[in-house]
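Q: Structure incoming, see below.
The values are calculated or read from the model by the stated rules, or taken from the named source; none is laboratory data. These figures come from a predicted structure and were not determined experimentally. Cβ placement follows ideal geometry from the backbone for every residue including glycine, while neighbour counts extend to all protein chains displayed.
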Amino acid sequence: MPPLRPQVTGASIRLQVTGARKQFPGVLALDGVSITLAVGEVLAVVGENGAGKSTLMKIVAGVYDSDAGEIQLDGQPVRFKTPGEAIRAGVSLIHQELNLAENLTVTDNLFLGRELTTGGGLRILNRREMSARASELLSRVGLPASRAFARVETLPPGEKQLVEVARALGMDVRVLIMDEPTSSLTQKETERLYEVIDALKSTGVSILYISHRLAEVKRVADRVCVLRDGRNAGELAKADITHDNMVRFMVGRDLKQFYPKVHRKGVGGAPVLSARELLFRGGPTTPASFEVRSGEILGMAGLVGAGRTELSEAIFGVRHITGGEILLDGKPLRVRSPRDAIAAGILLVPEDRRLHGLVLPESVGFNLSLPSLDRLASWFGVRVGAERELHRDWIARLRVKTPSSAQPAALLSGGNQQKVVYGKWLARNPKVLILDEPTRGVDVGAKAEIYALIDELAGRGVAVWMITSDMEELLGMADRVVVMHEGHIAGELSGETLTEEAVMQLATGGKRT
Amino acid sequence: MTRILGVLGLLIVLYALLIESNPAAGSSRNLMYVANIQGRYGVVTLAAALVIIVGGIDLSIGSVVGCSAVMFGVLMEEGVHPFAAVGWTLLFGVQVGLVNGLLITKLRLQPFLVTLCGMFIYRGEARLIGGVVSPAQVIDEHPHFEHSLNTLTYLLIGKNEKGALVFPAMFILLLVLAVVIGFFLHRTAYGRYWYAIGHNELAAKYAGVNVDRQRTIVYVICSMLASLGGILLFLDSSTIQADSAGAGLELYAILGAVLGGCSLRGGEGTAIGMVLGAMVLPVLETLVSFRGLKNNVIPAVIGLTLLVGTIVDELIRRRSRVHR
Ligand SMILES: Nc1ncnc2c1ncn2[C@@H]1O[C@H](COP(=O)(O)OP(=O)(O)OP(=O)(O)O)[C@@H](O)[C@H]1O
Ligand SMILES: [Mg+2]
């Protein structure tokens, strides 16, 4: 067992949080958490979904007020009432959910709230100065200067995330908080972010880094602080940061069989879903052909923006199909809307849960029942008993951390929202299950459970089509892998040929060797 | 951009139809007359549009216009000098906006509800403080106000002491106001905040913007413009009826704003668009009357034209999105 809570020594202390407590209605999110952050240090904060990581960060950054506890910044006690106050004091937070004004340009967003202006109280924008500074900031995160004038909504998710980082760079930061900054970044962009972090460190900026990707934590963190159920569960010094140590603290037990292959036979059966020379509106000009077999997990790899999501949307009936055909169990299937797809047994768990996956203001239970209402309905309305059973069942099976099924989905932590999206669709017994980035923002414990669930479903004969950018997940779970590159299918890998190098090569447009 | 071209096209078509319908319709006198009405609509359209940009809505505009018109008249009847009465009436607008803004930001009430209540309250207030007011009545009671009142009418409405329209002062006023508002919207930090708040309030809040204060400021500007609209209405009318003056104007204002490119979802809209959007309805109304259609078909014609306009606009936008 590694030593508990090593003290910060040598370097001076930048930020100290002692005994932070936060009670939400029905949830004690933080129960006396303390952290210490040295000057120029990267402290990774890890923990299961709902452990209180984001809440702690929001308290430090002035988004929430804590019920108890104390914060010291460079030795001075502080208590920020608004994010603005925190920013002016040098504490910036990059949120877990993107927070950009998408109708404005990149430059506007970079300077939102601290525009460079002339004319005193009139605050006339000094555009020349801002675009000059903007291109400098963008180059620091590896984005081309031309992006400065683009409206944010036209950027791919990865670039949006980098814009948020660039924005934080533009402020005079002392403490930079990143809440799952890499969840929508490509490999290359992630590397770029590491470089930015290293550069910031060397100028004395302290960084709080939240991530569920433990490999990443190992790469960037100087120290790790583990939270569990709103309390400090332990700390790891640089030398002790290993996957197993972190997991042990996070879940309080060892995880075996992270990528289970218990129920599957390893080779798929008959093709369930096949796409033949498929073309769709807004898609690439090269037709796509592939198939998903019963009882297998087909992994679909590619860089962010390779067109995997678009392809899945076409098959799910969101995008208009303009050529080719879809076969289900060998018979042609017409999919004109998601309704048709769902009726045929094709289900999609979407990439962006806030946008497509959940009705956020409604309760967890409401969301879980939504796709299954036809089966829960009777002549006398929804059968209350059956519905309650369904809620209890899935909240328990996925270990969704929520005070009750009546809690609004918007108030769950990010990873728990993802679990609700799962429960919602799995409750329907699909024939083909399309998973788009199935474990983004999900903690290790829940990941293991989701993997077990996927394995079990495949074992029951469900054809699983899993789109993922997480290489570990791809290699660990998929029986067969189709790689996409710039809108077309670049190749297929399985068994012996399925290696990380082969996937990367195809994904970046290289030839198969 | 496509939105501005859209309304511009619509306006050109409407003007062409108008001029072609009747030589009198195309006369510079008539066009000036139409322009003046456009100016008066435009002032309240700017008001509605600003609130829409920050993601809100103001249904009290029409009642505030009516109440301000009545208040302006009553103040002068009570012996307040016309220039001072302008000040007091605008102050009333500020107070209305402040109340709306604070209820919406501090108590987190929905803009729709707050301003719907305002719509009834200020209409009621107008009826309480006076039934019928008119410039003539004011001059009757206070003959020494005549000169000041005439000056105001000349400057703001463009009518001489005989009541003849000399120049479209209200249109010029609209242009001046649009330039000022456009300056704030497009050239200053405040405008950035308003767009950001309208599109994603959290983004603005987390960027350190004082969202509540900015929202309140916008509601204050909006109601103040509505009060100005009331003053214009008083000066431009022979009589003002407390129970009907300005009624329904908020809907015209919202329509103008939307035609001009404001999205009811917030965060979208330009000053030029607002002016162009405000210009549509008065031309349409004049066109209908010059075509010899009965007055009572006007609402239906307006509704239909706008619906068609909206559909065409949406189709154009969809197309441009696909091709991006
Ligand atoms: N505004 C809120 N109202 C009520 N409950 C909340 C609110 N915000 C968070 N919670 C609850 O507080 C707990 C901690 O949430 P938090 O977002 O800090 O978790 P997290 O560690 O960031 O998880 P994740 O890894 O999933 O992002 C969760 O149970 C969550 O449901
Ligand atoms: Mg979180």
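Q: Within the range B:101-113, track down each residue that is in a helix (DSSP H, G or I), in contact with a helix residue (DSSP H, G or I) (Cβ under 8 Å, 6 or more places away or on another chain) and touching a residue at least 24 places away in the same chain (Cβ under 8 Å).
A: Taking the range B:101-113 as the starting set, the residues that turn out to be in a helix (DSSP H, G or I) are B:101-105, B:111-113.
From what's left, in contact with a helix residue (DSSP H, G or I) (Cβ under 8 Å, 6 or more places away or on another chain): B:101-105, B:111.
B:Gly101, B:Leu102, B:Ile104, B:Thr105, B:Pro111 - these are the residues of the range B:101-113 that are in a helix (DSSP H, G or I), in contact with a helix residue (DSSP H, G or I) (Cβ under 8 Å, 6 or more places away or on another chain) and touching a residue at least 24 places away in the same chain (Cβ under 8 Å).
Q: Can you tell me which residue within the range A:204-220, out of those that are assigned to a loop (DSSP other than H, G, I, E, B) and away from ligand 1 (no atom under 16 Å from the Cβ), is nearest to the other protein chains (Cβ to nearest Cβ)? Can you show your working first?
A: From the range A:204-220, those assigned to a loop (DSSP other than H, G, I, E, B) are A:204-205, A:211-213; that's our starting set.
Still in the running and away from ligand 1 (no atom under 16 Å from the Cβ): A:204-205.
On the way: A:Gly204: 22, A:Val205: 18 Å.
My answer is A:Val205.
Q: For the range B:177-192, check the following and say yes or no: at least one residue is surrounded by fewer than 16 Cβ atoms within 10 Å (Cβ to Cβ) and over 22 Å from the mean Cα position of the chain (by Cα).
A: no
Q: Conditions first: (1) at pLDDT 95 or above; (2) more than 16 Å from ligand 2 (Cβ to nearest atom). A:Asn126 passes all but one, so which condition is the exception?
A: Answer for A:Asn126: the failing condition is (1).
Q: Restricting to the range B:113-131, name every residue that is closer than 15 Å to B:Leu75 by Cβ and in contact with a Cys (Cβ under 6 Å, 6 or more places away or on another chain).
A: Selection gives B:Glu125, B:Ala126.
Q: Here's another thing I want to ask about it. May I ask you to say which residue of A:Val251, A:Val267 is β-branched (Val, Ile, Thr) and closer than 28 Å to A:Pro430 by Cα?
A: Of A:Val251, A:Val267, the one residue that is β-branched (Val, Ile, Thr) and closer than 28 Å to A:Pro430 by Cα is A:Val267.
Q: Collect the residues in the range A:419-445 that are out of contact with any Lys or Arg (no Cβ under 6 Å at 6 or more places or on another chain) and either within 16 Å of ligand 2 (Cβ to nearest atom) or within 14 Å of chain B (Cβ to nearest Cβ) (or both), keeping them in residue-number order.
A: Those that are out of contact with any Lys or Arg (no Cβ under 6 Å at 6 or more places or on another chain) and either within 16 Å of ligand 2 (Cβ to nearest atom) or within 14 Å of chain B (Cβ to nearest Cβ) (or both): A:Lys419, A:Val420, A:Arg440, A:Gly441, A:Val442, A:Asp443, A:Val444, A:Gly445.
Q: Okay, moving on. Quickly run through the range A:110-131 and pick out the residues that are surrounded by 15 or more Cβ atoms within 10 Å (Cβ to Cβ) and among the hydrophobic types (A, V, I, L, M, F, W, C).
A: A:Leu110, A:Phe111, A:Leu112, A:Leu116, A:Ile124, A:Leu125, A:Met130
Q: Still on this structure: What are the residues in the range A:300-331 that are basic (Lys, Arg) and either in a helix (DSSP H, G or I) or crowded, with 20+ Cβ neighbours inside 10 Å (or both), if any?
A: Within the range A:300-331, A:Arg308 is the sole residue that qualifies.
Q: Here is a further query. Please go through the range A:154-179 and give me each residue that is touching a Ser or Thr at 6+ places or on another chain (Cβ under 6 Å) and buried (at least 18 other Cβ atoms within 10 Å of the Cβ), ordered by number.
A: Once the filter is applied, which keeps residues that are touching a Ser or Thr at 6+ places or on another chain (Cβ under 6 Å) and buried (at least 18 other Cβ atoms within 10 Å of the Cβ), the range A:154-179 yields A:Gly158, A:Gln161, A:Ala168, A:Met171, A:Val173, A:Val175, A:Leu176, A:Asp179.
Q: On to the next question. Return the only residue of A:Val78, A:Val106, A:Val91 being within 22 Å of B:Ile53 (Cα to Cα) and either in the same structural domain as A:Leu37 (by TED's automatic domain parsing) or touching a Phe, Trp or Tyr at 6+ places or on another chain (Cβ under 8 Å) (or both). Steps first, answer last, please.
A: Numbers: A:Val78 fails: within 22 Å of B:Ile53 (Cα to Cα); A:Val91 fails: within 22 Å of B:Ile53 (Cα to Cα).
The conditions single out A:Val106.
Q: Which residue is nearest to the other protein chains (Cβ to nearest Cβ), if the candidates are limited to the range A:74-103 and must be surrounded by 23 or more Cβ atoms within 10 Å (Cβ to Cβ) and within 22 Å of B:Thr270 (Cα to Cα)?
A: A:Ala101
Q: List the number of the failed condition for A:Gly414; all other conditions in (1) within 23 Å of A:Asp229 (Cβ to Cβ); (2) more than 12 Å from ligand 1 (Cβ to nearest atom) hold.
A: (2)
Q: Any chance the range B:74-89 includes a residue that's among the charged types (D, E, K, R) and either free of Cβ contacts under 8 Å to residues at least 40 places away in the same chain or in a helix (DSSP H, G or I) (or both)? Walk me through it before giving the result.
A: First, pick out the residues of the range B:74-89 that are among the charged types (D, E, K, R): B:77-78.
Add one more test, that the residue is either free of Cβ contacts under 8 Å to residues at least 40 places away in the same chain or in a helix (DSSP H, G or I) (or both), and what stays is B:77-78.
Within the range B:74-89, one or more residues are among the charged types (D, E, K, R) and either free of Cβ contacts under 8 Å to residues at least 40 places away in the same chain or in a helix (DSSP H, G or I) (or both).
Q: Looking only at the range A:390-398, decide whether some residue is within 16 Å of ligand 2 (Cβ to nearest atom) and either within 14 Å of another protein chain (Cβ to nearest Cβ) or within 30 Å of A:Arg308 (Cα to Cα) (or both).
A: No.
Q: Identify the single condition in (1) facing another protein chain (nearest Cβ under 7 Å); (2) under 27 Å from A:Asp65 (Cβ atoms) that A:Asp108 does not satisfy, given that it satisfies every other one.
A: Condition not satisfied by A:Asp108: (2).
Q: Still on this structure: Name the single residue, out of those in the range A:15-43 being part of a loop (DSSP other than H, G, I, E, B) and closer than 22 Å to A:Val205 by Cβ, that is nearest to ligand 1 (Cβ to nearest atom).
A: A:Glu41
Q: Moving on. If I filter the range A:332-344 for residues that are part of a strand (DSSP E or B) and over 26 Å from A:His391 (Cα atoms), do I get at least one hit?
A: yes
Q: Can you confirm whether the range A:24-42 contains a residue that is within 14 Å of chain B (Cβ to nearest Cβ) and over 23 Å from the mean Cα position of the chain (by Cα)?
A: no
Q: Test B:Leu225 against the stated conditions and say whether it is buried (at least 22 other Cβ atoms within 10 Å of the Cβ), more than 14 Å from chain A (Cβ to nearest Cβ), at pLDDT below 95 and at negative phi.
A: No.
Q: Has the range A:44-53 got at least one residue that is more than 10 Å from every other protein chain (Cβ to nearest Cβ), within 12 Å of ligand 1 (Cβ to nearest atom) and more than 22 Å from A:Gly234 (Cα to Cα)?
A: no
Q: Among the aliphatic types (A, V, I, L, M) and within 16 Å of ligand 1 (Cβ to nearest atom), is that true of A:Val442? Steps first, answer last, please.
A: Numbers: among the aliphatic types (A, V, I, L, M): yes; within 16 Å of ligand 1 (Cβ to nearest atom): yes.
It is true that A:Val442 is among the aliphatic types (A, V, I, L, M) and within 16 Å of ligand 1 (Cβ to nearest atom).
Q: Which numbered condition trips up A:Thr322, out of (1) in contact (Cβ under 8 Å) with a residue 24 or more places away in the chain; (2) touching a Gly at 6+ places or on another chain (Cβ under 6 Å); (3) among the polar types (S, T, N, Q); (4) farther than 25 Å from A:Met477 by Cβ?
A: Looking at each condition in turn, A:Thr322 falls short on (2).
Q: Can you tell me which residue within the range A:360-411, out of those that are of a type in the set (Val, Ile, Thr) and crowded, with 21+ Cβ neighbours inside 10 Å, is nearest to ligand 1 (Cβ to nearest atom)? Before the answer, list the steps.
A: From the range A:360-411, those of a type in the set (Val, Ile, Thr) are A:364, A:382, A:384, A:395, A:400, A:402; that's our starting set.
Narrowing further to those that are crowded, with 21+ Cβ neighbours inside 10 Å: A:364, A:395, A:400, A:402.
On the way: A:Val364: 10, A:Ile395: 13, A:Val400: 9, A:Thr402: 6 Å.
Across the range A:360-411, the extreme among qualifying residues is A:Thr402.
Q: Any idea which residue in the range B:193-218 is surrounded by the most Cβ atoms within 10 Å (Cβ to Cβ), counting only those that are within 10 Å of chain A (Cβ to nearest Cβ), in a helix (DSSP H, G or I) and of a type in the set (A, V, I, L, M)?
A: Residue satisfying both the conditions and the ranking: B:Ala196.
Q: Continuing with the same structure: If you take the residues of the range A:399-418 that are of a type in the set (A, V, I, L, M) and within 16 Å of ligand 2 (Cβ to nearest atom), which of them is nearest to the other protein chains (Cβ to nearest Cβ)? First the steps, then the outcome.
A: Of the residues in the range A:399-418, the ones of a type in the set (A, V, I, L, M) are A:400, A:406, A:409-412.
From what's left, within 16 Å of ligand 2 (Cβ to nearest atom): A:400, A:409-412.
Values: A:Val400: 24, A:Ala409: 17, A:Ala410: 12, A:Leu411: 15, A:Leu412: 17 Å.
Once the filter is applied, the top-ranked residue is A:Ala410.
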